[in-house]
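Okay, so here's the structure we're looking at.
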Amino acid sequence: MAQPPPADREAISTSVTVSKRDGSQETIFQSKHFCGSDADVTIISNDDVRFQLHKKNLAFCTGGFPPVEFSKTSDEREEVNLSERGYILDLLFHFVYPQRYPNLATIHIDVLSELAEAAEKYQVFGAISVCQAFMILQIPNHPIDVFAYATWYDYLDIADRVAPLVLGTPLNILAERLPPAAVTGWARYLVSWDTVRSKWTALILDSITATSVQVDRPSMVQYTTTFCKNSRGSRALLTELAKHMVPQTKLLDLAAAVVCNHCKSSYADNLIREAPTLYSQFAKFNTFLH
């Protein structure tokens, strides 16, 4: 299970007391993992953790690190201040040295999101690829986080994959997480989805009307309309349609979650007949970004 982010910098650094030029002393936080004496650049996090690194590694493994035109200390080691916290930089810098990468399967989604953002910002190519793979694994449990990640960094295949799972999320919540272009695209996507959903609702109601079994049809109509509009199960079924054509046995299983046993056979038959049309009208999210 993913663990929440650590509460403080002590998890990745050691406090060290050093003497300043004026004879006074100060306490600094030195990275436990990146503290080589032969390092030629010091990276300082926003919570004052110091990482002793090698410029050649940064040059070979990244494409967006800041140029080293910074103030020099007395031993000629250059210093760079970054806006990320120490815990994120500690994970990130594992990807610029020839060593095993950290196990991202054990970290919290918030940490993974921060790490992915830093990797994209500084173009740490190894971290970019690994974060992308682990973000995909988070789709079932954290679709909104993954959708935000995919839209910010133009991973449109991932955005298309996760978009149906985000349906039902209030627009104001998504607007806080997505880039402006994606918010506009999402509004268009919802219109398209609602069109398909309305037709799907009608399909269920036709199935209920077609059955010869006596049921409380007014109550069933009200239940069906509410289910199609709000239910997570409804979105799951439409997601199946969006992914691929499913066999009749699968449709019967899915239909059981929507209609009663008396109606599900008729519903499955209708859906099989109408599925190609519904499927063709279900556009991918990325088509609404232009």
* Asked: Of all residues in region 157-182, how many are assigned to a helix (DSSP H, G or I) and surrounded by 16 or more Cβ atoms within 10 Å (Cβ to Cβ)?
  -> 12
* Structure fact -> Apart from one, (1) within 20 Å of Ala11 (Cα to Cα); (2) crowded, with 20+ Cβ neighbours inside 10 Å all hold for Asn103; the odd one out is (2)
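Okay, residues lined up against (1) touching a Lys or Arg at 6+ places or on another chain (Cβ under 9 Å); (2) over 30 Å from Ile43 (Cα atoms):
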{"position": "Val111", "(1), (2)": "no, no"}
{"position": "Glu120", "(1), (2)": "no, no"}
{"position": "Ala127", "(1), (2)": "no, no"}
{"position": "Cys131", "(1), (2)": "no, no"}
{"position": "Ile139", "(1), (2)": "yes, yes"}
{"position": "His142", "(1), (2)": "no, yes"}
{"position": "Leu171", "(1), (2)": "no, yes"}
{"position": "Pro180", "(1), (2)": "no, yes"}
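Restricting to region 136-156, what's the tally of residues that are among the acidic types (Asp, Glu) and buried (at least 17 other Cβ atoms within 10 Å of the Cβ)?
Let us first name the residues in region 136-156 that are among the acidic types (Asp, Glu), namely 145, 154.
After this cut, where a residue has to be buried (at least 17 other Cβ atoms within 10 Å of the Cβ) as well, the list is 145.
Within region 136-156, residues that are among the acidic types (Asp, Glu) and buried (at least 17 other Cβ atoms within 10 Å of the Cβ) number 1.
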* So which residues in region 130-184 are closer than 20 Å to Ala118 by Cα and among the charged types (D, E, K, R)? -> Asp145, Asp154, Glu176, Arg177
* Asked: What pairs can you find where one residue is in region 92-107 and closer than 11 Å to Phe34 by Cβ, the other is of a type outside the set (A, V, I, L, M), and their Cβ atoms are less than 7 Å apart, with a gap of 6+ or different chains?
  -> Phe93/Phe34; Phe93/Phe51; His94/Tyr101; His94/Pro102; Val96/Asn57; Val96/Cys61; Val96/Thr62; Tyr97/Asn57
* Could you look through region 15-39, keep only residues that are under 28 Å from Asn57 (Cα atoms) and among the small types (Gly, Ala, Ser), and pick out the one that is surrounded by the fewest Cβ atoms within 10 Å (Cβ to Cβ)? => Ser37
* Filter result for Asp90 (within 21 Å of Thr14 (Cβ to Cβ), modelled with pLDDT of 90 or more, assigned to a helix (DSSP H, G or I) and in contact with a helix residue (DSSP H, G or I) (Cβ under 9 Å, 6 or more places away or on another chain)) -> yes
* **Check on Ser234, surrounded by 15 or more Cβ atoms within 10 Å (Cβ to Cβ) and either assigned to a helix (DSSP H, G or I) or at pLDDT below 55 (or both)** => yes
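Just to be sure, is Ala119 within 22 Å of Gln132 (Cβ to Cβ), of a type in the set (A, V, I, L, M, F, W, C) and at pLDDT below 80?
No, not satisfied.
The values are calculated or read from the model by the stated rules, or taken from the named source; none is laboratory data. This is a predicted model, so every value here is computed, not measured. Every residue, glycine among them, receives a Cβ derived from its backbone with ideal geometry; neighbour counts consider all protein chains shown.
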